[in-house]
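Just so it is clear, none of the values below were taken in a lab; they were calculated from the coordinates. These numbers come from a predicted model, not from an experiment. All Cβ positions, even for glycine, are placed from backbone atoms using ideal geometry, and neighbour counts span all protein chains on display.
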Amino acid sequence: MQTPLESFIDHKSDTGMQCGSYSIDIPKLKEGEQYRFHFDAVACVGCRCCEVACNEQNNNPADIKWRRVGEMEGGEFPAFTQLLNSMSCNHCIDPECLKGCPTNSYIKIDETGIVVHDDDVCIGCQYCTWNCPYGVPVFHEERNIVTKCHMCHERLDVGQSPACVQACPAGAIEIEAVNIEEWKASQMDEQGNMPFLPDARITNSTTRYTLPDNLPDNMKEMDEHILKPAHKELPLVFMTVLTQISLGGFLALFLGDVMSLFGFEATNWIMALLVVLPAAIGLPLSALHLGRPFLAMTAMKNIKTSWLSREAAALGLFTGLMSGVVAIYFFEVNTLVRLGIEALTLGVGIFGIYAQAMIYRIRARPSWNRPTTNLKFFGVAYVGIFLLAFLSSLLSLSDVVVPLIAFGMLGALAQLFFTYEDIRSLDTIKENEYQLQRTKRLLNENFENIKKLRYVTLIVAGVVFPLLALVFAGSGSFGYTSLVLGLALVISFASEISDRFLFYTTVVPLGMAGGFFVGKQRH
């Protein structure tokens with residue numbers, strides 16, 4: 001009579017199970033194939049041995065999970081279903097982490113299709129943690145970089161099984177070879193999706209799932225009761241707002257220089273210096289967001305596919321060109337030459353802010369991936385216009401103050417509309433409705449006072465005070481005009497900072513279901 005252990009060994013031998021084996025026998029890859037994970041949700045018992053084995057193999061602390069187990073449930077007693085999902089990296093055919101990384105830290109190995117991360121060149125910007133719709137990359141606070149699953153590729157290369165595969169007692173995790181074209185043609189839609197997991201087509205994920213038959217229609221995440229604000233990202237809050245203010249100020253400076261050709265008061269080097277200051281202060285602040293701030297300059301390596309690289313390069317050039325414009329004013333260079341350089345500078349600045357907005361137009365973050373993100377980023381420009389209006393009032397430039405106030409007020413009204421539309425569209429967009437409604441909950445439950453303050457300050461600083469400033473300017477009272485515009489400038493800046501704070505903290509990403517007690521195990 002066989003012992004239970006002998007019976008299990010025979011069963012493994014008969015079925016070809018990979019679990020419990022130090023070595024692994026997988027077919028050699030043919031042309032057009034790559035390795036992938038197969039997860040059998042019918043076999044999984046939720047023991048989390050895969051999580052533990054992965055952490056031990058890769059020497060990760062307890063809070064760094066490259067492989068996580070999510071929990072879902074549905075049905076009604078007694079016809080009740082519990083569904084589990086053990087997921088690490090899906091080693092996608094078109095990985096978003098690789099496209100978005102500004103330092104080319106991600107590599108998809110040609111021979112195996114495995115996506116690995118080059119820790120040495122990572123600057124810890126965490127953009128990949130935003131880009132990945134499955135929430136796979138995780139920031140390692142001790143190392144100040146992002147890390148992720150690499151399918152234990154070094155073990156695979158010598159015929160050893162990955163830690164998660166070896167540790168699973170139920171044989172629920174396996175390594176397979178997949179034909180890429182066949183998978184993309186039809187198999188992905190049939191076998192590549194799991195409840196509460198983003199559509200595999202977003203990145204052409206390769207993980208294959210075996211699911212129970214007749215899943216209930218009312219499946220839900222076991223962690224849906226856990227709703228926490230996202231990171232504040234304060235360095236990025238200030239950097240984005242300040243660079244956008246500089247763009248608005250430079251736009252006003254350029255238009256003023258053009259109008260001086262028609263007899264209006266000429267712009268000067270003091271104005272040019274003032275509009276470059278916000279960007280000059282804001283750009284260095286962005287380095288404080290990085291895990292490795294001293295490697296910030298390497299963020300421009302991937303201009304080909306990364307919007308973050310394009311933003312860094314364009315805004316760096318924009319700030320440099322604005323500094324050059326200050327010198328051109330100071331040394332009184334020919335007007336037409338100056339206008340040409342200003343037009344070039346403005347074009348670079350517009351592209352820089354566009355690239356900045358496109359960083360957030362990612363499918364993994366539904367509340368960011370809306371047109372209002374672009375509109376609101378450009379909408380901040382009105383503050384820069386008020387900045388020049390304030391300086392003009394201090395210099396008693398009567399021909400300039402009134403047009404600038406009116407121009408800035410129009411921008412503020414546009415920003416008010418964009419802000420209203422941003423919140424209204426949370427209810428009108430049906431795609432990813434679950435995440436958008438959770439964003440709305442955060443706005444209304446966690447940050448209701450800040451949301452109200454945003455509206456009040458925008459109306460007061462963008463409409464009421466500028467109207468009052470117009471009255472004072474019309475009567476020639478430039479002292480009162482400067483006072484009111486100064487208050488409007490400070491309050492409007494605070495208003496935009498509060499709105500950007502809400503932008504970062506209320507985003508709810510796509511991702512896998514989490515655990516009832518531990519949530520999604522992502523910071």
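Hey, quick one: spin label on L467, modelled 7 Å out along Cα-Cβ, who in the range 406-428 has an amide N within reach, i.e. under 16 Å? From the range 406-428, the list is 406-414, 416-417.
In this structure, N444 and M219 have a Cβ-Cβ separation that, at R0 = 25 Å, corresponds to a calculated FRET efficiency of about 0.45.
Determine the alpha carbon to alpha carbon distance for each of K28/K148; K228/K376; K108/K304; K304/K440; K184/K304 and list only those over 27 Å. Beyond 27 Å between Cα atoms: K304/K440. Calculated on the Cα set of the range 451-523, radius of gyration then Dmax: 20.3, 66 Å.
When you count the other C-beta atoms within 10 angstrom of each residue and take the mean per peptide, 215-221, 352-358 line up highest first as 352-358, 215-221. Once the chain from F517 to I26 is taken as fully extended at 0.36 nm per residue, the excess over their C-alpha distance is 173.1 nm.
Kindly state, to the nearest 0.05, the FRET efficiency for S477 paired with A280, given R0 = 45 Å and r defined as their beta-carbon distance. It comes out at approximately 0.85. Per residue, the Cα convex hull of the range 56-147 amounts to 141 Å³. For the pair F331 and V121 in one chain, pulling the backbone fully straight at 0.36 nm per residue adds 71.4 nm over the alpha carbon distance. One decimal place: the segment T210-I180 gains 8.9 nm when fully extended, by the rule 0.36 nm per residue minus the C-alpha distance. Could you state the angle between the C-alpha long axis of helix 381-394 and the longest principal axis of the C-alpha atoms of the chain, as a value from 0 to 90 degrees rounded to the nearest 10? Orientation of helix 381-394: about 30 degrees from the principal axis. Peptides 232-241, 385-394, 41-50 ranked from most to least packed give 385-394, 232-241, 41-50, packing being the mean of other C-beta atoms within 10 angstrom over each peptide's residues. Calculated mean residue ellipticity at 222 nm for the chain: -15000 deg cm²/dmol, from DSSP H runs with n ≥ 4 weighted as -39500 (n - 2.57), summed, divided by the residue count and rounded to 500. Relative to the globular-protein estimate of 2.2 N^0.38 Å, the Cα radius of gyration of the range 368-523 stands at 1.27. Seen from S306, the other residues with C-beta closer than 12 Å to its C-beta sum to a net charge of +2, counting Lys and Arg as +1 and Asp and Glu as -1.
Local charge for V518 was computed over the other residues whose Cβ lies under 12 Å away, with Lys and Arg +1 and Asp and Glu -1, and equals +1. R338: net charge of surrounding residues, Cβ under 10 Å, Lys/Arg +1, Asp/Glu -1, itself excluded? Charge balance in the 10 Å sphere: -3. The structure-derived value of Cα Rg over 2.2 N^0.38 Å appears in the list [x] 1.17; [y] 1.10; [z] 1.25 under the label [x].
In the range 189-234, one over the average inverse separation of all distinct C-alpha pairs is 13.4 Å, which is the Kirkwood hydrodynamic radius. Between the Cα long axis of helix 4-15 and the first principal axis of the chain there is an angle of about 70°, rounded to the nearest 10. Treating each Cα of the range 181-295 as an identical point scatterer and summing with the Debye formula, the log10 of I(q)/I(0) at q = 0.11, 0.16, 0.20, 0.21 Å⁻¹ comes to -0.71, -0.88, -1.04, -1.08.
Take 60-67, 243-250, 77-84, 513-520 and order them by the average number of nearby Cβ atoms within 10 Å per residue, most first; the result is 243-250, 513-520, 60-67, 77-84. In this simple spin-label approximation, N59 and Q82 carry label points 7 Å from Cα along the Cα→Cβ vector, and these lie 3.6 nm apart.
Convex hull volume per residue, computed on the Cα atoms of the range 269-351, equals 95 Å³.
Between the beta carbons of L410 and E141, assuming R0 = 51 Å, the FRET efficiency works out to 0.70 to the nearest 0.05. Computed over the range 423-468, the Cα gyration tensor eigenvalues convert (square root of 5λ each) into semi-axes of 28, 13, 4 Å, ordered from largest to smallest.
Compared with the dominant Cα axis of the chain, that is its longest principal axis, helix 269-285 is turned about 20°.
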